[in-house]
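Q: The structure's right below; bear with me while I get my questions together.
The values are calculated or read from the model by the stated rules, or taken from the named source; none is laboratory data. Not measured: the values here are computed from a predicted model. Cβ placement follows ideal geometry from the backbone for every residue including glycine, while neighbour counts extend to all protein chains displayed. To get the accessible areas, we keep the full protein, side chains included, count just its heavy atoms, and leave off ligands, DNA and RNA. Shrake-Rupley method; radii C 1.70, N 1.55, O 1.52, S 1.80 Å.
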Amino acid sequence: QVQLVESGGGLVQAGGSLRLSCAASGTIFKIEAMGWYRQATGKQRELVASIISGGSTNYADSVKGRFTISRDNAKNTGYLQMTSLKPEDTAVYYCNARVITDWMSTNDYWGQGTQVTVSS
């Protein structure tokens with residue numbers, strides 16, 4: 001079993017910054033990839049950023065230049081550094097990890113989500 005726990009969300013003024021963390025624990029052999037998704041009220045869940053084991057990253061057009069995804073492989077923890085936040089960034093942010101478990105099976109796991117609210 002693998003668990004993901006997000007933290008770091010909160011209320012911030014427009015133009016401010018937040019750093020989200022996603023800690024993975026459990027029967028982990030390797031995390032192949034991690035991603036951050038967000039879902040605003042009344043909207044579909046969307047991919048914000050992703051990072052693979054080799055370090056390559058991808059970002060949604062709406063956050064390019066403002067958000068940075070990273071990971072600490074030794075800690076099995078991913079991060080999303082968010083700067084220049086806008087009210088439209090308000091959403092519940094979820095981390096996702098594609099994990100090779102100790103059983104050598106590959107599965108995607110989701111965290112419980114953390115609320116980010118940006119006021120103008």
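Q: Among the residues of the range 51-84, which ones are in contact (Cβ under 8 Å) with a residue 24 or more places away in the chain and either under 9 Å from the mean Cα position of the chain (by Cα) or within 20 Å of Gln3 (Cβ to Cβ) (or both)?
A: Ile51, Ile69, Arg71, Asn73, Lys75, Asn76, Thr77, Gly78, Tyr79, Leu80
Q: Say we look at the range 106-120 and pick out the residues that are assigned to a strand (DSSP E or B) and over 13 Å from Val12 (Cβ atoms); which of these is most open to solvent (accessible area, probe 1.4 Å)?
A: Ranking the qualifying residues of the range 106-120, first place goes to Trp110.
Q: In this structure, is Glu32 more than 24 Å from Ser120 (Cβ to Cβ), open to solvent by 60 Å² or more (accessible area, probe 1.4 Å) and either hydrophobic (A, V, I, L, M, F, W, C) or out of contact with any Gly (no Cβ under 7 Å at 6 or more places or on another chain) (or both)?
A: The answer is yes for Glu32.
Q: Right, something else. Can you list residue pairs whose Cβ atoms sit under 9 Å apart, with the first residue in the range 10-37 being among the aromatic types (Phe, Trp, Tyr) and the second being open to solvent by 50 Å² or more (accessible area, probe 1.4 Å) and modelled with pLDDT of 95 or more? Count only pairs 6 or more apart in sequence or on different chains.
A: So the pair list comes out as Trp36/Leu47; Tyr37/Arg45; Tyr37/Glu46; Tyr37/Leu47; Tyr37/Trp110.
Q: Is it true that Ser120 is at pLDDT below 95, within 21 Å of Ser17 (Cβ to Cβ) and more than 14 Å from the chain's Cα centre (by Cα)?
A: Yes; evaluated as a whole, the condition is true for this residue.
Q: Continuing with the same structure: Could you tell me which numbered condition Val12 fails, if it satisfies all but one of (1) open to solvent by 30 Å² or more (accessible area, probe 1.4 Å); (2) assigned to a strand (DSSP E or B); (3) within 19 Å of Ser120 (Cα to Cα)?
A: Only one criterion in (1) open to solvent by 30 Å² or more (accessible area, probe 1.4 Å); (2) assigned to a strand (DSSP E or B); (3) within 19 Å of Ser120 (Cα to Cα) is unmet by Val12, namely (1).
Q: Pairs, please: C-beta under 9 Å, at least 6 apart or cross-chain, first residue free of Cβ contacts under 8 Å to residues at least 24 places away in the same chain and in the range 92-118, second part of a strand (DSSP E or B) and open to solvent by 70 Å² or more (accessible area, probe 1.4 Å)?
A: Asp108/Arg98
Q: Among the residues of the range 67-105, write down those that are at pLDDT 95 or above, of a type in the set (Val, Ile, Thr) and open to solvent by 20 Å² or more (accessible area, probe 1.4 Å).
A: Passing the criteria: Thr68, Thr83, Thr90, Val92.
Q: Answer with yes or no whether Leu47 is in contact with a Gly (Cβ under 9 Å, 6 or more places away or on another chain) and either open to solvent by 50 Å² or more (accessible area, probe 1.4 Å) or at pLDDT below 95 (or both).
A: Yes; evaluated as a whole, the condition is true for this residue.
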